């Protein structure tokens, strides 16, 4: 037999050792990955404010501020030609309603011919501007023109000699406080004695 045949062939390495090597590498890689993720989570957690650490997360402390803008609202100006005024003399001063009618027309108001109060309405010492529903703003403008007299909803029955207003929506029930006084004085708030009117014309 030759020397080559006499030499013993080396025994093959067991497969178990190869498997153990692969498992060891896999476990090592897995451990590294787990450690990386754990460290990353810990860093994220420490960025949040905690009472013990005293650290404050900037994103958690952002305040939302709302800026409020004051908007000025002004009432629309009253158009004097958009409504009609009726003046009823309840002052007992003859001709005072006709005089006020002329002055109001000179200021741009549409005023119906002057009339007297109803028979059941007593003599008035205080002028009141009455208005129909929806004519509150025109009534307030008329009251301002008369020096700031009171306004009120239209009573029932209407206190005019006809019991109606015609096309008017605002009624001036003229009292002795305004009767015979020019609008220039009334608007300025100056009290003046009533003018002496000698005419006997009704209204």
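The values are calculated or read from the model by the stated rules, or taken from the named source; none is laboratory data. Since we're looking at a predicted model, the values are computed, not measured. All Cβ positions, glycine included, derive from the backbone under ideal geometry; neighbour counts span all protein chains shown.
Here is how the numbers come out for the structure above:
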{"quantity": "Failed item, numbered, when residue 172 is tested on (1) surrounded by fewer than 20 Cβ atoms within 10 Å (Cβ to Cβ); (2) under 14 Å from residue 99 (Cα atoms)", "calculated": "(1)"}
{"quantity": "One residue from 180, 203 being at pLDDT below 95, surrounded by 12 or more Cβ atoms within 10 Å (Cβ to Cβ) and touching a strand residue (DSSP E or B) at 6+ places or on another chain (Cβ under 9 Å)", "calculated": "203"}
{"quantity": "Count of region 88-99 residues which are closer than 17 Å to residue 165 by Cβ and in contact with a helix residue (DSSP H, G or I) (Cβ under 9 Å, 6 or more places away or on another chain)", "calculated": "3"}
{"quantity": "Residue 97 assigned to a helix (DSSP H, G or I), more than 37 Å from the chain's Cα centre (by Cα) and modelled with pLDDT of 65 or more", "calculated": "yes"}
{"quantity": "Members of region 81-99 that are buried (at least 22 other Cβ atoms within 10 Å of the Cβ) and closer than 14 Å to residue 179 by Cα", "calculated": "87, 88, 89, 90, 91, 96, 97, 99"}
{"quantity": "Count of residues meeting criterion [touching a residue at least 60 places away in the same chain (Cβ under 8 Å) and either touching a helix residue (DSSP H, G or I) at 6+ places or on another chain (Cβ under 8 Å) or part of a loop (DSSP other than H, G, I, E, B) (or both)] in region 128-142", "calculated": "2"}
{"quantity": "Some residue of region 143-161 being crowded, with 17+ Cβ neighbours inside 10 Å, out of contact with any strand residue (DSSP E or B) (no Cβ under 8 Å at 6 or more places or on another chain) and not in a loop (DSSP other than H, G, I, E, B)", "calculated": "yes"}
{"quantity": "Test: residue in region 100-109 that is surrounded by fewer than 21 Cβ atoms within 10 Å (Cβ to Cβ), on the phi > 0 side of the Ramachandran plot and in contact with a helix residue (DSSP H, G or I) (Cβ under 7 Å, 6 or more places away or on another chain)", "calculated": "yes"}
